[in-house]
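Peer 1: Below you will find the structure I want to go over with you.
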Amino acid sequence: MQKGSEAPGGGGNSEVDIRIHHVGFAVDNIKEYLDRFLAPLVKPQSVSATIEDPIQRVRVAFVKLEGGTIELIEAMDDSSPVSEIVKKRRGGLYHLCFATSQFDAMLVRFTNLGCLPLSDPVPAAAFGNRRLVFFLTPKRDLFELIETA
């Protein structure tokens with residue numbers, strides 16, 4: 001969909017700047033998941049270096065594919081929110097991430113639509129210290145919102 005086009009349920013705002021940035025997968029071990037499953041399955045165009053984010057308590061790597069990006073997310077320790085997901089469900093699809101240049105306006109928009117921010121926005125090591133925040137939707141889906149440069 002083009003910026004400025006109207007979609008069902010779009011709320012009438014044709015000037016919203018938001019796009020899908022990546023899909024996040026919680027994994028027990030980034031290297032093992034990549035080597036044993038993802039690389040043989042989809043043959044990535046590129047894989048980033050692993051980045052540690054002490055604020056989120058995770059390690060991440062970005063896998064570029066023909067149609068988008070997958071973020072592999074590994075817990076740094078047992079206090080990481082990803083640790084519980086990997087223990088309970090063995091990992092898997094974790095969140096959908098949106099990027100926007102209208103970060104503050106989108107915080108308000110998501111909140112007004114009944115989404116619950118799970119923390120205050122924080123700088124993200126994986127995104128050049130641009131702000132991010134996670135939201136839980138009324139349907140209990142997890143979304144990440146990141147600020148574009």
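Peer 1: What are the pairs, 6+ residues apart or on separate chains, where a residue within region 17-29 that is in contact (Cβ under 8 Å) with a residue 60 or more places away in the chain has its Cβ under 8 Å from a residue that is buried (at least 18 other Cβ atoms within 10 Å of the Cβ) and assigned to a loop (DSSP other than H, G, I, E, B)?
Peer 2: From region 17-29, the pairs are 25/91; 26/91; 27/91; 28/91.
Peer 1: Mind checking which pairs have a first residue in region 137-149 that is in a loop (DSSP other than H, G, I, E, B) and a second that is among the basic types (Lys, Arg), Cβ under 8 Å, 6 or more apart or different chains?
Peer 2: 148/130; 149/130
Peer 1: Out of the residues in region 112-126 meeting the condition of being part of a loop (DSSP other than H, G, I, E, B) and under 15 Å from the mean Cα position of the chain (by Cα), tell me which one is modelled with the highest pLDDT.
Peer 2: 121
Peer 1: For region 104-121, enumerate the residues that are of a type in the set (D, E, K, R) and under 13 Å from residue 132 (Cα atoms).
Peer 2: 104, 120
Peer 1: Could you grab me the full set of residues in region 79-101 that are under 14 Å from residue 143 (Cα atoms) and either assigned to a loop (DSSP other than H, G, I, E, B) or in contact with a helix residue (DSSP H, G or I) (Cβ under 6 Å, 6 or more places away or on another chain) (or both)?
Peer 2: 100, the sole residue that qualifies.
Peer 1: A further question on this structure: Considering only region 99-130, how many residues are closer than 19 Å to residue 73 by Cβ and of a type in the set (A, V, I, L, M, F, W, C)?
Peer 2: Counting residues in region 99-130 that are closer than 19 Å to residue 73 by Cβ and of a type in the set (A, V, I, L, M, F, W, C) gives 7.
Peer 1: What's the number of the condition residue 90 fails, among (1) among the basic types (Lys, Arg); (2) in contact with an Asp or Glu (Cβ under 9 Å, 6 or more places away or on another chain); (3) more than 25 Å from residue 52 (Cβ to Cβ)?
Peer 2: Only one criterion is unmet by residue 90, namely (3).
Peer 1: Further question: Quick check on region 102-120: of everything there that is hydrophobic (A, V, I, L, M, F, W, C), surrounded by 14 or more Cβ atoms within 10 Å (Cβ to Cβ) and touching a strand residue (DSSP E or B) at 6+ places or on another chain (Cβ under 8 Å), which residue is farthest from residue 140 (Cα to Cα)?
Peer 2: Residue satisfying both the conditions and the ranking: 103.
Peer 1: Can I ask one more? With the requirement that a residue be basic (Lys, Arg) and buried (at least 16 other Cβ atoms within 10 Å of the Cβ), what does region 131-149 give you?
Peer 2: Scanning region 131-149 gives a single hit, 131.
The values are calculated or read from the model by the stated rules, or taken from the named source; none is laboratory data. Computed from a predicted structure; not experimentally measured. All Cβ positions, even for glycine, are placed from backbone atoms using ideal geometry, and neighbour counts span all protein chains on display.
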